[in-house]
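Read the structure below first, then the notes.
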Amino acid sequence: MLVDSGKNLNSSHGGSLSSTLQEAGLNLVQQGLQSCIWHSGKFVLETGFRLQCQGREYLPEHQPYIIAANHASHLDGPAIIAAYGKPLTTIYSLAARDYFFDRPTKQWISGKLLNLIPCNRGSFFRDCLPICKEILTQNKTILIFPEGTRSATGELQAFKAGFGFLALKLGVPIVPAYIAGSYQALPKGQRFPRRCSINVTFGKLLGIESYPVGEGRASNRQLYQEIADDVRSAIVNLQEQRFCSLENLN
């Protein structure tokens, strides 16, 4: 009986060890693939699309935060992540569940390799709130496109109140970002990109603590929309600054 028990115990430990080693091996493979994706993506954007970045000094070094950017192309996420300048493992992006997670293979690539967070359209971002909180407790960054979908014209659309809800509930500062050139390179509906210059501009940190709930506002939804509109205004300012700088160069 003692021998049998010993065998069972060793078998149990062996199985546990084997499972742990397998999981560690898969994690290493995942990290290796993510590193390849990040370096190759950054190389393509910098050489093929002449990616440039301003305002990286506004990105906090030792605290979690949200990056909020305009959205007109599938190149927007990669452009922000490349301009962000840190490994792919440190930044996550919200993405439409029905587009990026509709098939098992896409689900695995989107979730495991690209660090996309599935979000249901029209859910007011409530469904992804728990995982966003967990990510931010790890001192990581979350990229959000508050328009909710790509602009069909390249023009900045209205920001969803759900973004304000999520930002307020997460309680971390927001870095506004303006992306120029991605629409010209790969607009909505176009399958293959054109070689156009892409520029990312980060703006000054916006604090969320100045938005107390229920003080002189008709409803919390009004507050959520106010936060979204203020962030949109910050991105419009970045857009105007870029336009002025280009005019001065000419």
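The values are calculated or read from the model by the stated rules, or taken from the named source; none is laboratory data. Since we're looking at a predicted model, the values are computed, not measured. All Cβ positions, glycine included, derive from the backbone under ideal geometry; neighbour counts span all protein chains shown. Surface accessibility is based on the protein's heavy atoms, side chains included, excluding ligands, DNA and RNA. Shrake-Rupley method; radii C 1.70, N 1.55, O 1.52, S 1.80 Å.
At a glance:
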item	result
Test: residue in the range 96-106 that is at pLDDT below 95, farther than 27 Å from residue 212 by Cα and among the small types (Gly, Ala, Ser)	yes
Inter-residue pairs, beta-carbon under 6 Å, first more than 16 Å from residue 176 (Cα to Cα) and in the range 44-69, second open to solvent by 20 Å² or more (accessible area, probe 1.4 Å) and among the hydrophobic types (A, V, I, L, M, F, W, C), 6+ apart	45/51
Verdict on residue 65 being more than 25 Å from residue 196 (Cα to Cα) and open to solvent by 50 Å² or more (accessible area, probe 1.4 Å)	no
Residue list for the range 45-78, restricted to those being part of a helix (DSSP H, G or I) and either out of contact with any helix residue (DSSP H, G or I) (no Cβ under 8 Å at 6 or more places or on another chain) or more than 23 Å from residue 230 (Cα to Cα) (or both)	45, 46, 47, 48, 57, 58, 77, 78
Residues within the range 142-194 that are open to solvent by less than 20 Å² (accessible area, probe 1.4 Å), over 25 Å from residue 41 (Cα atoms) and of a type in the set (Gly, Ala, Ser), tallied	4
Some residue of the range 91-102 being buried (at least 21 other Cβ atoms within 10 Å of the Cβ), assigned to a helix (DSSP H, G or I), under 11 Å from the mean Cα position of the chain (by Cα) and in contact (Cβ under 8 Å) with a residue 40 or more places away in the chain	no
Positions within the range 103-131 being surrounded by 14 or more Cβ atoms within 10 Å (Cβ to Cβ), closer than 20 Å to residue 225 by Cβ and in contact with a Phe, Trp or Tyr (Cβ under 8 Å, 6 or more places away or on another chain), in sequence order	119, 124, 125
Matching residues in the range 48-62 - criterion: being at pLDDT 95 or above and open to solvent by 70 Å² or more (accessible area, probe 1.4 Å)	50, 52, 54, 56, 57, 58
Those helices (runs of 4 or more DSSP H) lying entirely in the range 114-220 with at least 1 residues over 28 Å from residue 245 (Cα atoms) and touching a residue at least 24 places away in the same chain (Cβ under 8 Å)	129-137, 161-170
Restricting the range 41-53 to residues that are over 18 Å from the mean Cα position of the chain (by Cα) and not hydrophobic (A, V, I, L, M, F, W, C), the residue that is nearest to residue 170 (Cα to Cα)	52
